[in-house]
1. Mind checking the alpha-carbon convex hull of the chain and giving the volume per residue in Å³?
2. So what's the angle, to the nearest 10 degrees on a 0 to 90 scale, between helix 171-199 and the longest Cα principal axis of the chain?
3. Given H placed 1.01 Å from N in the peptide plane, which residues other than close sequence neighbours of PHE114 have an amide H under 5 Å from its amide H?
4. Please identify every one of the chymotrypsin sites (Phe, Trp or Tyr not before Pro) in the range 132-240 that sits in a loop by DSSP and has no more than 13 other beta carbons within 10 Å of its own beta carbon.
5. Using Cα springs under 10 Å in a Gaussian network model of the chain, which residue among ALA100, ALA92, ALA41 shows the largest mean-square fluctuation?
6. How high is the FRET efficiency from ASP240 to ALA37, r the C-beta distance, R0 25 Å, rounded to 0.05?
7. In nanometres, what is the gap between the two model label sites at GLU198 and LEU168, each 7 Å from Cα along Cα-to-Cβ?
8. Just to check I understand the Karplus step: with θ = phi - 60° and J = 6.51 cos²θ - 1.76 cosθ + 1.60, what whole-Hz values come out for the range 140-149, glycine and proline as x?
Amino acid sequence: MDLGPENRRYMSRAQAEAAGIDVGLRQYMLQVYNYMASGIALTGIVAYLTASYEPLRTLIFTTPLMWVVMFAPLAAVFFLSFKINSIKFSTAQTVFWIYAGLMGLSLASIFLVFTGTSVARVFFITAGTFGAMSLYGYTTKRDLSQFGSFLMMGLIGIILASLVNLFLGSTGLQFAISVIGVLVFVGLTAYDTQRIKELYSEIDDSEVYGKKAIMGALTLYLDFINLFIMLMQLLGNRRD
């Protein structure tokens with residue numbers, strides 16, 4: 001059946017617009033993943049160098065500076081979360097890199113507690129798991145928002161249980177936290193990826209584009225790092 005020249009032109013325009021959105025979305029997600037991967041790389045380098053350099057390691061883990069290193073990343077996350085709409089893109093970028101570096105200082109203890117071989121092994125397990133779940137979140141047609149509340153409740157439960165276990169020091173509770181934590185952050189990886197993908201349609205200028213990419217990268221960075229920490233607790237080999 002001949003649709004006629006007007007209909008054909010309309011369909012061509014619609015297809016071109018759809019293709020443009022698809023290409024734009026892929027570029028946006030690639031930028032999110034690039035920021036996230038760069039942040040993880042920076043965190044890993046800083047953590048390794050800190051653990052390897054004894055004066056810095058001693059300064060951080062045997063003085064009150066330890067508390068600054070522990071809570072400074074949290075302050076950076078809150079700053080980005082609440083100020084992202086009012087700050088410049090360049091400022092958001094700078095805070096993101098500072099945050100990744102501070103997390104490296106905090107996570108240097110992993111190289112002190114666990115063997116290098118097990119750290120590398122768990123990192124690749126984390127990367128594979130994260131990649132698979134993020135791909136699922138990106139490609140699935142299923143609406144994952146229905147799991148959002150459940151996953152956030154699980155996250156809050158993990159945080160509260162971890163705070164309690166700071167005083168109890170229970171290995172059994174820590175094991176339970178790690179197992180539940182793996183399940184929660186695996187789910188959050190897929191959920192957050194789909195949410196970041198959907199937010200692309202709300203972007204209306206280049207400044208917002210960049211800041212949305214930064215926040216998306218931060219969200220996935222947190223999923224990756226927390227999944228890695230939980231898996232280290234389960235699968236890591238401690239030093240003698």
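Here, each number is a calculation from the coordinates, and none is a lab measurement. Worth saying up front: this structure is predicted, and the values here are computed from it rather than measured. FYI the Cβ positions are ideal-geometry reconstructions off the backbone, even for glycines, and counts take in every protein chain you see.
1. So the per-residue hull volume is 151 Å³.
2. Roughly 20 degrees, rounded to the nearest 10.
3. ARG239
4. Answer in residue order: no site qualifies.
5. ALA41
6. E between ASP240 and ALA37, to the nearest 0.05, is 0.15.
7. Spacing of the two 7 Å Cα→Cβ label points: 3.5 nm.
8. 5, 8, 6, 7, 8, 4, 5, 8, x, 5
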